[in-house]
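The values are calculated or read from the model by the stated rules, or taken from the named source; none is laboratory data. Remember, predicted model here, so these are calculated numbers, not experimental data. When we count neighbours, we look across all protein chains shown, and the Cβ atoms used for this are built from the backbone with ideal geometry, even at glycine.
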Amino acid sequence: MANLIFEEQLDTNKSKITAHLEIYSFIEEGMYIIYCPSLDLSAYGETEEDAKRSFEKTFEIHFTYCSNKDTIMEDLKAHGWHIRGKKSRDIKAPGLDFMLKNNPVLRDIIYNKEYSKYNANMSIPEPVS
């Protein structure tokens, strides 16, 4: 197995939400797929750049929805993130062992597909309450 590093982080402040994420890119049925296992979000495109732009939009829509519904922390917890209190800045993504055990999509990518992995910093403005 490849040397895997799994370290994500979510930062919130009064003006934006920023996530430092590990992203997997692979080709399936002729389409480029971008997948973030710690959020279980994916997007696709005819080129890798198209897929990345599509993922940025997916990320923005997802977090805007969760922010507007005030469910960001619940959503992260549902995906295995560790959070110490609702307003805490101590937010940590699930570890690789947890993800491999609980995420069949990630297992399939790692064990059955040719993929590339990179880190991405994604930000969206936090809606005004």
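Numbers at a glance
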| item | result |
| --- | --- |
| When residues of the stretch 86-107 are limited to those that are of a type outside the set (A, V, I, L, M) and in contact with a helix residue (DSSP H, G or I) (Cβ under 8 Å, 6 or more places away or on another chain), the one modelled with the highest pLDDT | R107 |
| Condition met for T47 (β-branched (V, I, T) and modelled with pLDDT of 95 or more) | yes |
| Those residues of the stretch 59-82 which are outside any helix (DSSP H, G or I), at pLDDT 90 or above, over 14 Å from the mean Cα position of the chain (by Cα) and under 26 Å from G95 (Cβ atoms), in sequence order | T71 |
| In the stretch 11-38, residue surrounded by the fewest Cβ atoms within 10 Å (Cβ to Cβ) [restricted to those that are within 14 Å of I72 (Cα to Cα) and either of a type outside the set (A, V, I, L, M) or modelled with pLDDT of 95 or more (or both)] | N13 |
